[in-house]
Structures are given as structure tokens and as C-alpha cells.
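The values are calculated or read from the model by the stated rules, or taken from the named source; none is laboratory data. Everything numeric in this text was worked out from a predicted model, so none of it was measured. Using ideal geometry, Cβ is built from the backbone for each residue, glycine included, and neighbour counts are taken over all protein chains shown. Ligands, DNA and RNA are stripped out before the accessible areas are found, and what is left, the full protein with its side chains, is counted by its heavy atoms. Shrake-Rupley method; radii C 1.70, N 1.55, O 1.52, S 1.80 Å.
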Amino acid sequence: MDEKRIKVLLIEDSVFDTKLIKDLCRESCSNQFELDQRENLSEAFKALKEKNFDLILLDLTLPEAEGLETLAKVNGRYPRIPIIVLTRTDDETLALKSVSMGAQDYLIKGQVDGVILKRSIRYGIERKQMEEELRKHRENLEELVAARTVELIESNKQLMQEISKRNSAENSLQAAFNQLKEARAQLIQAEKMEIVGRLASGIAHEVKNPLAIILQGMEYLARKIPSQQEDLATTFKFMAEAVNRADNIVKGMLDFSGVSLVERQSQEIIPIVEKSLVLMKHSFDLNHIEVIRDFKDNLPQVNVDKNKIEQVFLNLFENAVQAMAKGGKLKVRIWAEKVSENDEWVGKRKEDVFHPGEEIIKMEIEDTGTGIPENLLDKVFDPFFTTKRSIGGTGLGLSIVRSIMEMHQGKIKIINKQGGSGVQVVIWFKTEPRGG
Amino acid sequence: MLIKKKILIVDDEASFGKLVKMNLEDTGEYEVRAESKGAQAIPAAREFKPDFILLDIVMPDMDGGEVAQQLKEDKDLKNIPIGFLTALVRDYEATPKGDSIAGHPFIAKPVTVSQLTAFLKKHIINR
Ligand SMILES: Nc1ncnc2c1ncn2[C@@H]1O[C@H](COP(=O)(O)OP(=O)(O)OP(=O)(O)O)[C@@H](O)[C@H]1O
Ligand SMILES: [Mg+2]
């Protein structure tokens with residue numbers, strides 16, 4: 001039933017003043033206020049503990065510092081309860097100080113009547129409520145801000161992650177770009193090859209026909225001109241050699257360009273090597289070259305165009321023979337092996353041709369010939385590089401060989417043999433899965 | 001007395017045909033007729049009745065393949081053996097594999113006289 005009455009705590013040590021305030025209350029609003037009075041602070045705190053007061057009337061007619069201290073203590077402990085300060089003198093500074101320290105209002109004893117008191121109390125409570133709401137609102141706001149801050153931190157984190165993702169995406173983009181560049185280079189190379197190819201068949205026709213006429217013409221002339229003269233015979237020999245050389249160039253170009261048409265099939269590698277050795281047999285015998293085979297059994301199959309691969313071997317054997325003018329040994333080793341990560345040409349990336357653990361066929365072709373001067377080693381695969389121009393070399397042999405190996409995703413390198421003269425050719429083939 | 005083999009050579013390079021004719025005839029073993037147009041091949045074959053016909057593959061008016069086809073369809077001429085002359089294949093492709101074009105042997109240009117006579121000897125059926 002008292003719920004609607006405003007509970008006011010008066011902290012006042014003077015009996016006179018207490019009576020004054022009580023009278024004022026009764027005069028104007030006795031039924032609206034429930035007034036309790038305590039003489040000092042500790043009593044007041046006790047009362048505050050027991051009862052929920054709506055407002056505190058605090059007497060400041062104590063010595064100034066003491067009074068403000070009381071205000072600070074009360075306000076500090078009960079910040080939610082509005083406080084109205086009572087003073088005896090109209091001391092503007094003291095009043096303002098009180099308000100700045102949290103008091104809602106200040107009233108000067110003697111100048112207060114019931115109406116003023118009542119209004120001051122009501123406003124005090126309302127203001128406090130508003131402050132309270134404002135405070136709650138602010139707290140709410142702070143909570144919101146805190147929540148938002150957490151969210152922001154979170155999204156910032158995500159952003160950072162995104163940035164790092166983006167960075168790695170950029171990296172892979174760069175990698176892709178590089179691959180593209182590489183592919184483009186290969187494409188240009190392929191295109192060049194195709195042009196060479198188209199040119200080659202045109203050239204073959206346009207050059208071989210005149211060569212054919214020259215050759216027939218020379219043979220005719222050679223018979224008709226009395227050939228006691230040695231000079232004439234030599235001249236015809238030179239001409240025949242020149243025709244042969246030009247013809248070899250054209251053949252080389254045909255081979256070089258024919259590389260793009262591969263017909264691959266799963267098959268054994270050894271029969272292809274054997275066939276090439278048979279085709280070369282005459283040449284080996286003529287040059288006193290002993291062939292040593294070291295072929296392992298049970299090799300996996302390779303997926304190759306056998307004519308092209310035969311061409312590879314023929315070119316390599318031919319080079320070996322030419323390097324062993326005074327005879328020698330040609331050793332051919334073939335075996336299968338699982339490659340390891342540390343091997344040359346092996347990598348884990350998708351674009352690597354050989355991957356660790358993959359079974360491949362390795363070949364070594366060794367001759368006991370002249371070897372290759374170190375400064376020329378990196379030139380031997382260049383088209384038209386030859387040290388045999390005088391005996392009809394075109395310098396296309398090894399470039400054809402390399403193109404063919406690339407077509408088959410194989411690898412080839414040429415090094416000088418360690419210990420003793422001669423060349424070692426190393427070849428790697430991809431293999432077909434066993435038991436397939 | 002040796003009976004000369006009759007060879008018909010059809011090649012758009014007239015000078016080549018003429019030189020082949022002179023060279024082969026100089027051996028004393030062949031009688032040669034040279035034609036420089038694909039379309040001339042059939043009438044010339046009818047008239048000359050060769051033992052062997054050498055056909056250049058690439059010719060502007062009618063190529064060697066077409067000529068060979070027409071010869072095969074002609075009941076009087078279909079039994080005459082044919083060989084192709086070509087500037088487009090490598091000789092090693094022609095020899096060790098003994099490959100053929102449309103069932104006919106071929107020989108690559110440029111060709112020496114001795115290569116040519118060996119080729120002819122190998123493919124002319126003795127009658
Ligand atoms: N086994 C080898 N021993 C010594 N030198 C070699 C060997 N293989 C290649 N070479 C060198 O590499 C060069 C290039 O070889 P490549 O096969 O490309 O052309 P070529 O043999 O000169 O001409 P072609 O192959 O047309 O007859 C050769 O001229 C030679 O100097
Ligand atoms: Mg070579």
C-alpha cells in the first residue's frame with residue numbers, strides 16, 4: 001500500500017532543521033512522502049540497507065569539506081538514488097560543486113517552502129530516472145559497441161585471412177600465368193615446327209626435283225666427257241657430294257617436321273632398339289664397331305611411335321659411328337627403375353614429367369669415340385649445329401631426336417663419359433602401368 | 001640377243017624424264033619413252049606397250065595416283081607393273097621396309113642411275 005508513496009531519507013543532525021523539513025512535508029504533501037530521518041552517515045547507511053529509498057535529502061550544513069565528503073560517500077555507495085542537498089547559506093560555489101558531484105538539486109533552508117520541496121523531490125527523482133535510463137542506454141550502447149568491436153575484430157581476422165588467401169591465389173595465378181607463358185612459347189615453337197613442316201614438304205619437292213635433274217645430268221655428262229682427266233673426275237665427285245648434302249638437308253627437314261604426326265602404341269622397347277641395331281649393322285661392321293648389349297628382362301611397356309623412336313636410335317647410333325672412325329665399342333644399356341625425388345627431371349608438381357616413385361625405362365648409349373668439347377656440349381641439340389658439314393652432316397639429327405623425345409614426354413641428355421673418351425647419351429622413357 | 005625392257009616414264013619435269021631416258025638407254029638394256037603430262041600416260045601406254053611404268057606422284061594436271069588408278073581400271077594396261085618416283089619420301093623409308101604406295105613400290109628422288117636400274121630389275125616381271 002505504500003508503493004506509491006515516495007520514500008525519502010533525510011540525513012540531518014539538527015533537530016530543528018529536521019522538524020522544519022518534516023513540517024514542510026506534512027504541509028504540502030504528507031500523503032505523498034514517507035520520510036525517514038537519520039542523524040549521521042552510519043545510521044543512514046543502515047537505513048539504506050533496510051529500505052529502498054527513492055531519494056535522499058542530505059544536509060550539508062556541516063563544515064564544508066565534511067559535507068561534500070558525505071555527499072561523495074553516499075553517492076558513491078548508492079549511485080542510483082537521487083540526492084538533494086540542503087544548505088543553510090546561499091553559497092553558489094558549494095551548490096554547484098554538489099551538483100557536479102552528483103546531487104540533483106540544492107535547496108536553501110529557510111527559503112524552501114512545501115511546494116518547492118515537493119517539486120524538487122519529484123524532479124530529482126525524474127531526472128535521476130532519466131539519467132538512469134540514459135546510463136542504461138549508454139551501457140547498452142557500450143555493450144553494442146563491444147559486440148560490434150568483437151564482430152569487427154572477427155571480420156578483420158577474416159579479412160586478413162582473405163588477404164592471405166588472395167595473396168596465395170595471386171601466387172597461383174602468377175604460376176598459372178607462367179605456365180601459360182610457357183605453353184605459349186611451346187605453341188609458338190609448335191607453330192614454327194608446323195610452318196617448317198609445311199615448308200619442308202614444299203621445299204622437298206622443289207629442291208629434290210632439281211637435284212634429281214642435276215644428278216641425272218651429271219651422270220650423263222660423266223659418261224660423255226672423256227674422263228682421262230683426273231680434274232674432271234674430281235669435279236664430278238664434288239658435285240655429287242654437293243647434291244648429296246643438299247638432299248640430306250631436305251631429308252632432315254622432312255624428318256624434323258614429320259615429328260608432329262605421332263602414332264603411339266603400347267609396346268616393348270627392346271624390339272625397337274634391336275631393329276635399329278639391325279639397320280645399322282652394316283655400318284657397324286664397316287667401321288669395326290663392337291656392339292655390347294645390356295638389356296634387362298621384364299621391362300614395362302612404353303607408349304611410343306615406333307618409327308619415330310627408331311629414328312631416335314638411328315640418329316644416335318649414326319652419331320656414335322661417326323665419332324668412332326677408327327672403330328670402337330658401342331654399349332647400349334636398358335633397364336627399368338623407380339625414380340626418386342632427388343633425381344634430375346623428377347618433381348612433385350603436376351607439370352613435372354616424372355614423379356617420385358614412378359617406374360621409368362632408362363637407357364644409356366655409350367661410345368668410345370671422340371667425345372664432345374665441353375664448350376660445344378650445350379649446342380649439339382641446336383638445329384643445324386654440326387661439326388661434320390664436310391661429310392654431309394646437316395646438324396638436324398639431334399634436334400630431331402630431341403623433338404621426338406619431347407613428343408613422348410621423355411628426356412634425353414648428352415654428356416661426355418667420365419674416365420676415357422666418348423659420349424654417353426642418357427634417355428628416360430615414361431612407361432605404361434604393369435599388368436595392364 | 002638381249003631384249004630391251006620398255007620403260008614409260010611420266011614426270012612433269014620434262015628435263016628429268018629426258019635425262020632418265022638418255023641414261024637408261026645408254027645402258028643398252030632399256031628403251032624409254034618419256035611423257036611430261038599425266039593425261040598422256042594412258043594413250044602413251046597403249047601405243048608403247050611398256051614393261052614398266054614410272055610415275056611421278058606430284059604432277060600439276062593429273063597426279064601419279066590418278067594415273068595409276070586409271071591404269072588399273074584399263075583391262076589392257078592393268079597388268080603393267082608400276083613404280084612411283086617421288087620427291088617427298090626419304091629413301092630409307094623406301095628401302096628397308098620395302099613399303100609401297102597404294103600397292104606399288106616407290107623410289108625417292110634424287111636417284112642415281114644405278115639405283116634406278118636396281119629398282120627396275122627388282123620390279124619388272126620377266127616375261
Ligand atoms: N656420339 C657423339 N660423339 C661425338 N660428337 C657427337 C656425338 N653425337 C653428336 N655429336 C656432335 O654433335 C653435333 C650435332 O649432332 P647432330 O646429330 O645433331 O648433327 P650431325 O650428326 O652433325 O648431322 P646429321 O645428324 O644430320 O648427320 C655433331 O656434329 C657432333 O659434333
Ligand atoms: Mg647426327
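Calculate, for A:D285 and A:E406, the FRET efficiency according to 1/(1 + (r/R0)^6) with r their C-beta to C-beta distance and R0 30 Å; round to the nearest 0.05. Mind dumping the intermediate values first?
Details: r = 33 Å, r/R0 = 1.09.
Efficiency computed from Cβ-Cβ geometry: 0.35.
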Considering the dipole of the stretch A:320-430 built from charges on the beta carbon (Lys and Arg +1, Asp and Glu -1) around the Cα centre, which of A:G393, A:G347, A:V423 is farthest to its positive end? A:G393
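What FRET efficiency comes out for A:I108 versus A:L152 if R0 is 60 angstrom and r is the Cβ-Cβ distance? Round to the nearest 0.05. Let's see the in-between values first.
On the way: r = 51 Å, r/R0 = 0.86.
Efficiency for this residue pair is about 0.70.
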For chain A, modelled as a GNM with alpha-carbon contacts under 10 angstrom, which of A:A176, A:A246, A:A44 fluctuates the most? A:A44
Could you give the semi-axes, largest first, of the ellipsoid that matches the stretch A:265-430, computed as the square roots of 5 times the alpha carbon gyration tensor eigenvalues and rounded to whole Å? 26, 18, 15
Where only alpha carbons of the stretch B:8-58 are counted, the Rg and the Dmax (Å): 10.2, 29
Quick numbers on the stretch A:69-144, Rg and Dmax over C-alpha atoms in Å, give 13.9, 48
Based on C-alpha coordinates, I'd like the Rg and Dmax of chain A, in Å. 54.1, 165
Within 10 Å of each Cβ in peptide A:201-208, how many partner chain Cβ atoms are there on average? Round it to a whole number, please. 4
Value at 222 nm in deg cm²/dmol, rounded to 500, when DSSP H runs of n ≥ 4 in chain A each add -39,500 (n - 2.57): -19000 deg cm²/dmol
Binned at 5 Å from zero, the C-alpha pair distances of the stretch A:126-256 give percents of 2, 7, 8, 7, 6, 6, 5, 5, 4, 4, 4, 4, 4, 3, 3, 3, 3, 3, 3, 3, 2, 2, 2, 2, 1, 1, 1, 0, 0
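Rank these residues by their accessible area, most exposed first, probe 1.4 Å: B:H104, A:H137, A:H355. Write out the running numbers ahead of the final one.
Working: B:H104 35, A:H137 120, A:H355 60 Å².
The most accessible residue leads, giving A:H137, A:H355, B:H104.
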Peptide B:9-18, shielding by other chains (average Cβ, 10 Å cutoff): 3
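What's the Kirkwood radius of the stretch B:5-123 in Å, using all Cα pairs?
On the way: mean 1/r = 0.0712 Å⁻¹.
Computed over Cα pairs of the stretch B:5-123, the Kirkwood hydrodynamic radius comes out at 14.1 Å.
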How much length, in nm to one decimal, is gained on full extension between A:L199 and A:E142, taken as 0.36 nm per residue of separation minus their Cα-Cα distance? 12.4 nm
Spread of Cα-to-Cα distances over 5 Å intervals beginning at zero, given as percent, for the stretch A:6-112: 2, 13, 26, 27, 21, 10, 2, 0
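Placing +1 at every Lys and Arg Cβ and -1 at every Asp and Glu Cβ, with all other atoms neutral, what dipole size does chain A have around its Cα centre, in debye to the nearest 20? If you can, show how the numbers build up before the last one.
Details: 63 positive and 69 negative charges, 341 e Å.
Around 1640 debye, computed over chain A.
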Projected onto their principal axes, the Cα atoms of the stretch A:318-369 stretch, largest extent first, over whole-Å spans of 46, 19, 16
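Percent of accessible area on chain A owned by carbon and sulfur, 1.4 Å probe?
Details: 13810 of 25760 Å².
Whole-percent figure for carbon plus sulfur exposure: 54.
So how much slack lies between A:K49 and A:V99, counting 0.36 nm per residue of separation and subtracting their Cα-Cα distance, in nm?
On the way: separation 50, 0.36 × 50 = 18.00 nm, distance 2.42 nm.
Here the segment from A:K49 to A:V99 would lengthen by 15.6 nm.
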What is the distance, in nm, between label points placed 7 Å from the Cα along the Cα-to-Cβ direction at B:E29 and at A:F177? 7.0 nm
